[in-house]
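Visitor: Below is a structure I'd like to ask you about.
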Amino acid sequence: MPDTATEQHSSFYRFVPVADPPALAEAVRALAQGLRGAIVVAPEGISGAVAGAPATLVAFEAALQQPQLLAGALQGLVFKHSACDVAPFGRLKVSVKPEIVALGLPDGVALLPPDEHDASHLAPTAWRALLARDDLVLLDNRNHFEYRLGHFRGAVDPGVNNFRDFADYVRAQAPAWRAACRPVAMYCTGGIRCDKTAPWLRSLGLEVWQLDGGILNFCQQLDDAGRDWLGDCFVFDRRIALDSRLQASGARAEQVYDPAHPDEAWRLQRARQLHSG
C-alpha cells in the first residue's frame, strides 16, 4: 500500500464475552485481508486499530457487524477514524491474549463488567461543561509519556510508567477524594482503558465520569478541541502523535520518550525499529 493520504485509520473495541477467542481471531483475520494493523481478541472482547484504503475499511467494518459473527454481538460497533499521510502499520497482526487491555487491577475483586454505554459516558460538549467544575479530579488514564506529550488543561498525571502504577496511584488518592466528595472525570485515548477501570474506581466509593470515545472522539467532534486539549495525542502507530485536528503532528519518537527512564528506553528503541522497517 502506498504511503499516501488516501489511507484511513480506524480504531474500535467492545467488551463482550468471547467463548472461543482463537476461532473469532481466525474469522476476523479473514475479514481484515487488505488491511494492516493490530487486532486483539480475548475472552473479555475485541480491540483493534487498522488502516487501509477507505473502501476496504468500510467493507471490513460492515463485516465485523454482520449477524453471523459472534451472534451479532459486534453490531453497532463505534469506529473512530483519522486520515493518514503515512501508512500507520507495516503488516496485519491478529492476536489472542488473556485481556484486550491489561491494567494491573487488583485480583480477587468482584466487579461489574465494563459498560460502554452507561450514563457516566459524557459526549464531548457535556465533557467540556464538566471541566468547568472547580471540585473535579481530572484524571489522565494513560502512560506518563503520553501525558507529557499532551493532555487536557488541568489534568492530573498519575505518573504511569508501568501498567500497575495507575491502580497504585488511585488507591493512594481515593480516601482524600472521597472525603472531599470530589468527582473523578477520567479520559484516555479512545475510551477502552476508562471503560475497564471505571467499575473498579466505583468499587472504591468514587463518583466517576468518562469522556465517551476518549480524546479521539473529542477531537473528531469539536472543531475547537484545542481550547481544552493542550499538545498532541500519542497514538501507537507510525504516525506517533496527532494534533487536535487529528492530523499527524510530525512529532518524533525522540520527542516522546525519555531514554533516561528504563520503561521509555525500550519503547524508543522499538519505535526506531518500527520506523526503519
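The values are calculated or read from the model by the stated rules, or taken from the named source; none is laboratory data. Everything numeric here is computed off the predicted structure, so don't read it as measured data. Ideal geometry is used to build each Cβ from the backbone, glycine not excepted, and the neighbour counts take in all protein chains shown. We work out accessible area using only protein heavy atoms, side chains counted, and drop any ligands, DNA or RNA first. Shrake-Rupley method; radii C 1.70, N 1.55, O 1.52, S 1.80 Å.
Visitor: Scan region 204-216 and tell me whether some residue there is of a type in the set (Asp, Glu) and either closer than 15 Å to Leu149 by Cβ or modelled with pLDDT under 95 (or both).
Guide: no
Visitor: Of all residues being within 24 Å of Ala51 (Cα to Cα) and without any contact (Cβ under 8 Å) to a residue 40 or more places away in the chain in region 226-263, which is most open to solvent (accessible area, probe 1.4 Å)? Just the residue, please.
Guide: Restricting to residues being within 24 Å of Ala51 (Cα to Cα) and without any contact (Cβ under 8 Å) to a residue 40 or more places away in the chain, the top hit is Arg245.
Visitor: Every residue in region 8-58 that is open to solvent by 40 Å² or more (accessible area, probe 1.4 Å), in a helix (DSSP H, G or I) and either touching a strand residue (DSSP E or B) at 6+ places or on another chain (Cβ under 7 Å) or of a type in the set (Phe, Trp, Tyr) (or both), please.
Guide: Once the filter is applied, which keeps residues that are open to solvent by 40 Å² or more (accessible area, probe 1.4 Å), in a helix (DSSP H, G or I) and either touching a strand residue (DSSP E or B) at 6+ places or on another chain (Cβ under 7 Å) or of a type in the set (Phe, Trp, Tyr) (or both), region 8-58 yields Pro22, Arg29, Pro54.
Here is a yes/no grid of residues against (1) buried (at least 20 other Cβ atoms within 10 Å of the Cβ); (2) touching a residue at least 12 places away in the same chain (Cβ under 8 Å); (3) touching a helix residue (DSSP H, G or I) at 6+ places or on another chain (Cβ under 8 Å):
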| residue | (1), (2), (3) |
| --- | --- |
| Cys84 | yes, yes, no |
| Gly90 | no, yes, yes |
| Lys93 | no, yes, no |
| Leu105 | no, yes, yes |
| Asp115 | no, yes, yes |
| Ala123 | no, yes, yes |
| Ala132 | no, no, no |
| Gly154 | no, yes, no |
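Visitor: Still on this model: Can you tell me which residue is nearest to Ile240 (Cα to Cα) among those in region 134-162 that are out of contact with any strand residue (DSSP E or B) (no Cβ under 9 Å at 6 or more places or on another chain) and in a loop (DSSP other than H, G, I, E, B)?
Guide: First, the residues of region 134-162 that are out of contact with any strand residue (DSSP E or B) (no Cβ under 9 Å at 6 or more places or on another chain): 134-135, 144, 159, 161-162.
This time we only want the ones that are in a loop (DSSP other than H, G, I, E, B), so: 134-135, 159, 161-162.
On the way: Asp134: 33, Asp135: 33, Gly159: 20, Asn161: 18, Asn162: 20 Å.
Per the criteria, the residue is Asn161.
Visitor: Between Pro113, Pro67, Pro106, which is touching a strand residue (DSSP E or B) at 6+ places or on another chain (Cβ under 9 Å) and in a loop (DSSP other than H, G, I, E, B)?
Guide: Values: Pro67 fails: touching a strand residue (DSSP E or B) at 6+ places or on another chain (Cβ under 9 Å); Pro106 fails: touching a strand residue (DSSP E or B) at 6+ places or on another chain (Cβ under 9 Å).
Selected residue: Pro113, the only one of Pro113, Pro67, Pro106 that is touching a strand residue (DSSP E or B) at 6+ places or on another chain (Cβ under 9 Å) and in a loop (DSSP other than H, G, I, E, B).
Visitor: Only residues that are of a type in the set (A, V, I, L, M, F, W, C) and in a loop (DSSP other than H, G, I, E, B): list them for region 224-277, please. Reasoning before the result, please.
Guide: From region 224-277, those of a type in the set (A, V, I, L, M, F, W, C) are 225, 229-230, 233-236, 240-242, 246, 248, 251, 253, 256, 260, 265-266, 268, 271, 274; that's our starting set.
Val235, Phe236, Ile240, Leu246, Ala251, Ala260, listed by residue number.
Quick grid of which residues meet (1) more than 18 Å from the chain's Cα centre (by Cα); (2) modelled with pLDDT of 95 or more:
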position: Asp107; (1), (2): yes, no
position: Asp115; (1), (2): no, no
position: Thr125; (1), (2): yes, yes
position: Arg153; (1), (2): yes, yes
position: Val160; (1), (2): no, no
position: Val170; (1), (2): yes, yes
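Visitor: Turning to a different aspect of this structure: Tell me yes or no: at least one residue of region 140-150 is more than 18 Å from Ile192 (Cβ to Cβ) and more than 18 Å from the chain's Cα centre (by Cα).
Guide: Among the residues of region 140-150, not one is more than 18 Å from Ile192 (Cβ to Cβ) and more than 18 Å from the chain's Cα centre (by Cα), which makes the answer no.
Visitor: Taking Leu211 and the conditions (1) surrounded by 20 or more Cβ atoms within 10 Å (Cβ to Cβ); (2) touching a Ser or Thr at 6+ places or on another chain (Cβ under 8 Å), which numbered condition does it fall short on, given that it satisfies the others?
Guide: (2)
Visitor: Identify, please: which residue in region 59-76 is of a type in the set (A, V, I, L, M) and open to solvent by less than 10 Å² (accessible area, probe 1.4 Å) and is, among those, farthest from Gly191 (Cα to Cα)?
Guide: The selected residue is Leu64.
Visitor: Go through (1) without any contact (Cβ under 8 Å) to a residue 12 or more places away in the chain; (2) within 22 Å of Leu242 (Cβ to Cβ) and name the single condition Ala30 misses.
Guide: (2)
Visitor: Would you call Arg272 among the basic types (Lys, Arg) and either over 24 Å from Lys80 (Cβ atoms) or crowded, with 21+ Cβ neighbours inside 10 Å (or both)?
Guide: In short, yes.
Visitor: Return the residues of region 184-225 that are among the acidic types (Asp, Glu), over 17 Å from Leu131 (Cα atoms) and in contact (Cβ under 8 Å) with a residue 60 or more places away in the chain; say none if nothing qualifies. Walk me through it before giving the result.
Guide: So in region 184-225, the residues among the acidic types (Asp, Glu) come out as 195, 207, 212, 223-224.
Right, trim to over 17 Å from Leu131 (Cα atoms) and you get 195, 223.
Across region 184-225, the qualifying residue is only Asp195.
Visitor: Still on this structure, I have one more. Just to be sure, is Ser82 at pLDDT 95 or above, of a type in the set (Ser, Thr, Tyr) and within 25 Å of Gln220 (Cα to Cα)?
Guide: On the way: at pLDDT 95 or above: no; of a type in the set (Ser, Thr, Tyr): yes; within 25 Å of Gln220 (Cα to Cα): yes.
Answer is no for this residue.
Visitor: Scan region 184-203 and give yes if some residue there is open to solvent by 10 Å² or more (accessible area, probe 1.4 Å), outside any helix (DSSP H, G or I) and more than 19 Å from Ala102 (Cα to Cα), otherwise no.
Guide: The answer is no, given that none of the residues of region 184-203 is open to solvent by 10 Å² or more (accessible area, probe 1.4 Å), outside any helix (DSSP H, G or I) and more than 19 Å from Ala102 (Cα to Cα).
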